[in-house]
Amino acid sequence: MSKPTDLVQGTLDLLILKVVALEPMHGWAIAQRIRQMSSDVLQVGHSALYPALHKLERQGWIKSEWEISETNRQAKYYSLTRSGRKALAEEAANWERLSAAISGIVRRVS
Amino acid sequence: MLRWLARLRFVSRTLIRPRRLEDELNRELQYHLEREIEEGLRAGLTPEKARYAAMRAMGAVEKSKEECRDEHHVKFVQRLEAILRDVRFSFRMLGRAPVFSAAMVLTLALGIGANTAVFSAIDAVLLRPLPFPGADHLVRVGQKQKRTADTVITPVRLEDWNSLNSSFQAMTGYYTEDISETSGDIPERVGLARVAMRFFDVWGMAPALGRAFTPVDYREGADRVVVISNRYWHSRFAGDPNVLGKTVRIGAAPFSIIGVQSSMFRFPVRDVDFWVPDPLTPGRNSLRYVGIGRLKPNVTIDQARIDMQLVQSRLAEQYPDTDGEIGVELSPLKDSIVRGSGRSLWLLYGAVSILLVIACVNIAALLLARATQRQREASVRMSLGASRGAVGAQVLTETAILAAAGAILGVLVAAATSFAFRTLAPGMPRSDEIGFDYRILLYTLAVLAAVTIGCGAVPAIRSTRARLAGALAGTGRALVGGRHTAQWVLVGVQVALSVTLLAGAGLLVRSFHELSNVNPGFPLNRILSFRVSASWAELGNVPRVRQQVDGIIESLRTVTGVEAAAVSVVAPGVPVSFQQEFRVVERSPNSDGRILAGSNVVSPSYFETMQMPLVAGEFCSRQAALAGTMSEVMVNRSFADRYFSGSSVVGLHLADAFTSNRVAGIVADARERGIDRCPEPTVYFCGYPAQPFRVFLVRTANDPESLAQTVRLKIKQLEPLRSVYDMAPLEEWVGDAFAEYRLRAVVLASFALTALSLACVGLYGTLTYVVSLRKREVGLRLALGALRRNIVGQYVLEGMRVAVLACVAGLVISVATGQVVTSMLYGISPYDPTTLLVVVFIVLFVSAIASLLPATRVSRLDPMKVLRED
């Protein structure tokens, strides 16, 4: 796993929430999906991923359960809670606003 | 809100099932790693490379785990667990030596309890503001004037001040007297306060029931109204809610009750139960009221002083004759009420604090001994990786538990002592406000913390200073022990202080004994004293009052069982003296020095009643006394000896500022101003005092108490409208001097005995510890044939050596501080050798026993068993 690019902690939370919103999955799968959906640009390692997952669980936005994975072993699956859904919408909106603002400045020609 | 609940649930998992958390974390990351290895294999890496990559990742896994643990607040929970573990361990350790632990807890309970109790008194009396709204704005208003030191104010001037000032919300005044409530069969004495307008405004507390006074009540011819106290409402009317409108009889007149004070109203004169409006007395010269004012919210007392000065100077211009020499004096009300108690309370606080320090020193010494004993355990822990902080924390935990147990018991002790304060010192102002509330509790917690740190710091540090290798290797196996200077010094200090305190107590006890052997000069135990109510208004017809008083005395003499009766202005036994300057008419003014003597106004039968024999001349006559001019006086022997040694004073005329009187005779001395005071030169004016404050004395054949009711009824027969009060055998009044000596002796003796027992516990504990360290040495000696009594002797000597040195030190301190106690002693010198010797003997004896016990115990050891054990 290569080192993750300079992802702000907050945006990692957003990505996790979005991925988990689509379907419940375990940590490894979340990392893979993020990589896949970003066309290999964003590569999240376990040192960033799991602390973020546990923090989100502490905040009550995701919940965890032990299930049998696709490889027939026990894995911890995370899914979105109701307050997590609300948080996701808020964070996504914030991100839109932020990125639009930054793009606005960066793309200015003069 | 829900988020917090979810959070709480999340963290509680860490508390309840920490191992499961750890387990899950491992499994989760393990899974991740496995998937990564598989991915690597699938991507074409060889198994070795895959494993290598995995192992590289492993390092970082610990860090991830750590961060995840942070999310679960694992560190915090672990710390909590460590504290709980320490607590459980401490309980076990303390339980192993139950007697010791109990002794330490009791010691702390006494120390903390006494300290808290005195602090609660200080808090209630000195620190807390008076129990009125905005009490720090209440000010005593006084009038400075030439002729007298009294600061009572004139009503008319009070009104002027109230209307002209700009710094007070309101000002008022009151004066108190005793009156007779005559609704019942026997007149009852009640305290009454006559109050000026705005009285309730100034105090800020309206009556709980009914209403306050309005200006209508002060008008000429208004209905007679009274506000009664909460206490009177309960005792006389049983708290009847329909009490308004009922009447009480003050003297002969009925007064209608229009209000009941709240139970929180604590009038500075505690025994007042009635408040009535006092209509304005005209005239700018009458001295009548105690003045009270309430400052405006943002005005300071200094600003008020300046303001009042201006007001008074304006009045002085307006009325130069009466107001020219008048000044205004303001002082915070609380100061004028508690004045005097401060010093003795702080002194007492110092004493209990010293006692607490002694208790802490004691406990620190014992804990120190134990810490050194468990050095091995501490060394093992530290060599296994425990930090010094952890080991030290465990010792502190033990101390904290001891202190906490002591504090809980101490709170009980404090509550009991608070109660004792109220009964032992009813004369102290605001003593009924002493109680126990959260502030005192906070203070107890603070003391608890201080004690924990004070007692536990040194042992905690000592236990962590263990040199690992040495301790592990074999301190336990050493045959000959060390010197333990620190512990012995601590014990020595305690014994020395005990000696000092005991010496002081002994001196006080002997003073008390001396005092009770003194001949007072009058038959202390056969005189009944009482007062009969009168009002200042009667002074309008003084001859009539004189006749009445004479009538009372004469008819009292007819009562069976009464041998003699008299009246006096100053009650015997009261340490108050009215000093006056006299001059001999027959001599030239500057021939001798000043003649100063105490003065009293007594009826001629006084000397017969007090059984003071005639020394020269004759007794003054009843006729002269009835005439009212007080033309005859008697003097006592001290007066004659001091000012007229050699020459005769009988027949000479003594003059004071008002009259000139003939000396009829000399009587023997009596200790009227207190058993502990030498009789002072006194001049007795023979007459019948008309003013209300006089005391009647009746000498009885038998026990004075038995005639009390008869006397009361006789007085009621003669003067149905007057009440009899303050009736008690003279012994009780004079006993006040006794009581003070006794109280001091008892208090100091209890301190001393506590200090001594603490010192003994310390001695016993330290010797036990020393002996336990040298068990192997003793066992060896016994096995080699040493006599048991030699062993006992040696250890007793070790203990006694310290005790003797400490006694010497204690004696030195006692002698050095002897001057301090001289004023409290009677008839005995602070360096009295008998007392000191007895004290030293007691202390040495007790120390010997305290040393004997551990020494005997160790000599009874079975040498084989001791040598075999580790």
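B:ARG27 sits among other residues whose Cβ lies under 12 Å from its own Cβ, and their net charge, with Lys and Arg +1 and Asp and Glu -1, is -1.
Here is the short version for chain B: B:CYS68, B:CYS360, B:CYS455, B:CYS678, B:CYS760, B:CYS807 have no other Cys C-beta closer than 4.7 Å. Looking at the range B:618-692, the chymotrypsin sites (Phe, Trp or Tyr not before Pro) that sit in a DSSP loop and have at most 11 other Cβ atoms within 10 Å of their own Cβ are B:PHE658. Only helices enter the 222 nm calculation for chain A: every DSSP H run of n ≥ 4 contributes -39,500 (n - 2.57), and dividing by all residues gives -19000 deg cm²/dmol, rounded to 500. When each full DSSP H helix of chain B is screened for a Cα extent of at least 15 Å along its own axis and an average Kyte-Doolittle hydropathy of at least 1.6, the helices passing are B:98-122, B:833-859. Computed about its Cα centre, the charge dipole of the range B:261-407 is approximately 1060 debye, with only Lys, Arg, Asp and Glu carrying charge at their Cβ.
Our estimate of slack between B:VAL585 and B:ARG857, defined as 0.36 nm per intervening residue step minus the Cα-Cα distance, is 89.5 nm.
At 7 Å along Cα-to-Cβ for each site, give me the label-to-label distance between B:GLU81 and B:GLN30 in nm. Modelled inter-label distance: 1.9 nm. Whole percent per 5 Å bin, from 0 to the bin with the longest distance: what is P(r) over all C-alpha pairs of the range B:712-870? For the range B:712-870, the binned pair fractions read 2, 7, 12, 13, 11, 9, 8, 7, 6, 5, 5, 4, 3, 2, 2, 2, 1, 1, 1, 0 percent. Projected label points at B:ARG270 and B:VAL746, each 7 Å from Cα along the beta carbon direction, are separated by 1.7 nanometres.
In this calculation the C-beta distance from B:SER829 to B:SER516 is compared with R0 = 22 Å, giving a FRET efficiency of 0.75. For the pair B:ASP185 and B:LEU596, a Förster radius of 45 Å applied to the C-beta separation gives a FRET efficiency near 0.40, rounded to the nearest 0.05. Once the chain from B:LEU718 to B:TRP4 is taken as fully extended at 0.36 nm per residue, the excess over their C-alpha distance is 248.7 nm.
Please list, in order, the residues from the range B:124-160 whose amide nitrogen is less than 12 Å from a point placed 7 Å along the Cα→Cβ vector of B:SER336. The answer is B:138-144, B:150-154.
Working from label points 7 Å from Cα in the Cα-to-Cβ sense, the B:ASP240 to B:LEU652 distance is 6.5 nm. For the range B:12-110, the mean projected area of the C-alpha convex hull, equal to one quarter of the hull surface, is 9.7 nm². For the range B:53-156, a Kirkwood hydrodynamic radius built from all Cα pairs, placed in the Stokes-Einstein relation at 37 °C and 0.692 mPa s, yields a translational diffusion coefficient of 149 µm²/s. Got a sec? Which residues in the range B:163-177 would a label at B:ARG314 touch, if it sits 7 Å along Cα→Cβ and we count backbone N under 11 Å? The answer is B:163-167. A compact globular protein would have a Cα radius of gyration near 2.2 N^0.38 Å; the ratio found for the range B:491-599 is 1.83. The amide H of B:VAL328, built 1.01 Å from its N in the peptide plane, has B:LYS144 as neighbours under 5 Å, considering only residues 5 or more places off or on other chains. Applying 1/(1 + (r/R0)^6) with r as the Cβ-Cβ distance of B:LEU445 and A:ILE102 and R0 = 51 angstrom yields a FRET efficiency of 0.40. Contact order for chain B, expressed relative to its length and based on alpha carbon pairs under 8 Å spaced 6+ residues apart, stands at 14 percent.
Provide a whole-number value for the mean count of partner chain Cβ atoms within 10 Å of the Cβ atoms in peptide A:44-54.
6
If each residue of separation counts as 0.36 nm, what is the full-extension length gain between B:GLU554 and B:ALA222 once their alpha-carbon separation is subtracted?
115.4 nm
For the range A:33-110, the orientation-averaged shadow of the C-alpha convex hull comes to 7.3 nm² (one quarter of the hull surface). Could you tell me which of rounded, prolate or oblate describes the protein assembly as shown, using a ≥ b ≥ c as the square roots of the eigenvalues of the alpha-carbon gyration tensor, with rounded for a/c under 1.5 and, failing that, prolate when a/b is larger than b/c and oblate otherwise? It is oblate, given that a/c is not under 1.5 and a/b is not larger than b/c. Compare the Cα positions of B:LEU345, B:SER379, B:SER183 along the charge dipole of chain B (+1 at Cβ of Lys, Arg; -1 at Cβ of Asp, Glu; about the Cα centre) and return the one farthest towards the positive end. It is B:SER379.
For the range B:197-318, the convex hull spanned by the alpha carbon atoms encloses 146 Å³ per residue. Only helical DSSP H runs with n ≥ 4 go in: add -39500 (n - 2.57) per run for chain B, normalise by residue count and round the 222 nm mean residue ellipticity to 500 deg cm²/dmol. The per-residue figure over chain B is -18500 deg cm²/dmol. Summing charges over all other residues whose Cβ lies under 15 Å from the Cβ of A:MET37, with Lys and Arg as +1 and Asp and Glu as -1, gives +1.
The string of couplings for the range B:621-627 from the Karplus curve (6.51, -1.76, 1.60, θ = phi - 60°) is 9, 5, 4, 4, 5, 5, 4 Hz, one whole number per residue in order, with x for Gly and Pro. With neighbours defined as other Cβ atoms within 10 Å of a residue's Cβ, the residues B:MET610, B:MET382 order from fewest to most as B:MET382, B:MET610. Look at the stretch B:25-37: the mean tally of other chain Cβ atoms within 10 Å of its residues' Cβ atoms is 5. Computed over the range B:231-279, the P(r) tail beyond 15 angstrom holds 49 percent of alpha carbon pairs. Within the shell of other residues whose beta carbon sits under 12 angstrom from the beta carbon of B:GLY173, the net charge comes to +3, with Lys and Arg scored +1 and Asp and Glu -1. Taking square-rooted eigenvalues a ≥ b ≥ c of the alpha carbon gyration tensor, is the range B:104-183 rounded, prolate or oblate, where a/c under 1.5 means rounded and, failing that, a/b exceeding b/c means prolate? Prolate, since a/c reaches 1.5 and a/b exceeds b/c.
From least to most packed, judged by other beta carbons within 10 angstrom and beginning with the fewest, B:ARG249, B:ARG157, B:ARG20, B:ARG69 follow the order B:ARG20, B:ARG249, B:ARG69, B:ARG157. Peptides B:538-549, B:772-783 ranked from most to least packed give B:772-783, B:538-549, packing being the mean of other C-beta atoms within 10 angstrom over each peptide's residues. For chain B, the Kirkwood radius over C-alpha pairs fed into Stokes-Einstein at 20 °C and 1.002 mPa s yields D = 62 µm² per second.
Quick note: the coordinates plus some simple rules give every number you see, no bench work behind them. Computed from a predicted model, the values in this text were never measured in an experiment. Note that each Cβ is placed from the backbone with ideal geometry, even for glycine, and that neighbours are counted across all protein chains shown.
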